[in-house]
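Working notes, beginning with the structure itself.
The values are calculated or read from the model by the stated rules, or taken from the named source; none is laboratory data. What you are looking at is a predicted structure, and each value in this text was computed from that prediction instead of being measured. Neighbour counts run over all protein chains shown; Cβ positions are idealised from the backbone, glycine included.
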């Protein structure tokens, strides 16, 4: 099942808190990217309902960026919210995550959550990887929205990880 990015980010933050792994804004995007990539490689199905975009410091989910930009470079201590225009109310973004998906995300955090944001960013900048092929497109072509396609992410992870 594909999840709304803010709900996934909140679950990653909750799990990271349980594991005593402080996540910064940049690290959160990279951990989400690795979770998405490994899910694509394992099942062929996306973990997220939004495509990653190639930004200067690596793959970014625009809605997650907007939700957490106030955290800056410090570990995130709050959760992303949704706004309901009909009720004019805000609520914490949550998803109905299966136990298997929660276990999968814990494993991703065990593998990547202990790495600092700059190390994770360097890893996603691998030459020839999905981010690199969008950010440094051949012939200087600009990809509309700088979207990193799921097919490219899946291919990279099937070839041995990003």
Among the residues listed as 156, 152, the single one being assigned to a helix (DSSP H, G or I), surrounded by 14 or more Cβ atoms within 10 Å (Cβ to Cβ), without any contact (Cβ under 8 Å) to a residue 40 or more places away in the chain and touching a helix residue (DSSP H, G or I) at 6+ places or on another chain (Cβ under 7 Å): 152
Residue satisfying condition, being crowded, with 16+ Cβ neighbours inside 10 Å, assigned to a loop (DSSP other than H, G, I, E, B) and in contact (Cβ under 8 Å) with a residue 12 or more places away in the chain, within set 79, 6, 73: 79
Residue ID - nearest to the chain's Cα centre (by Cα), chosen from residues in segment 86-133 that are surrounded by 14 or more Cβ atoms within 10 Å (Cβ to Cβ) and part of a loop (DSSP other than H, G, I, E, B): 113
Output for segment 61-70, where each listed residue is surrounded by 12 or more Cβ atoms within 10 Å (Cβ to Cβ) and touching a residue at least 24 places away in the same chain (Cβ under 8 Å): 61, 63, 64, 65, 67, 68
Qualifying residue in segment 52-60 (condition: out of contact with any helix residue (DSSP H, G or I) (no Cβ under 9 Å at 6 or more places or on another chain) and either surrounded by 23 or more Cβ atoms within 10 Å (Cβ to Cβ) or closer than 22 Å to residue 156 by Cβ (or both)): no
Failed condition for residue 162, given (1) under 22 Å from residue 17 (Cβ atoms); (2) crowded, with 19+ Cβ neighbours inside 10 Å; (3) at pLDDT below 95: (1)
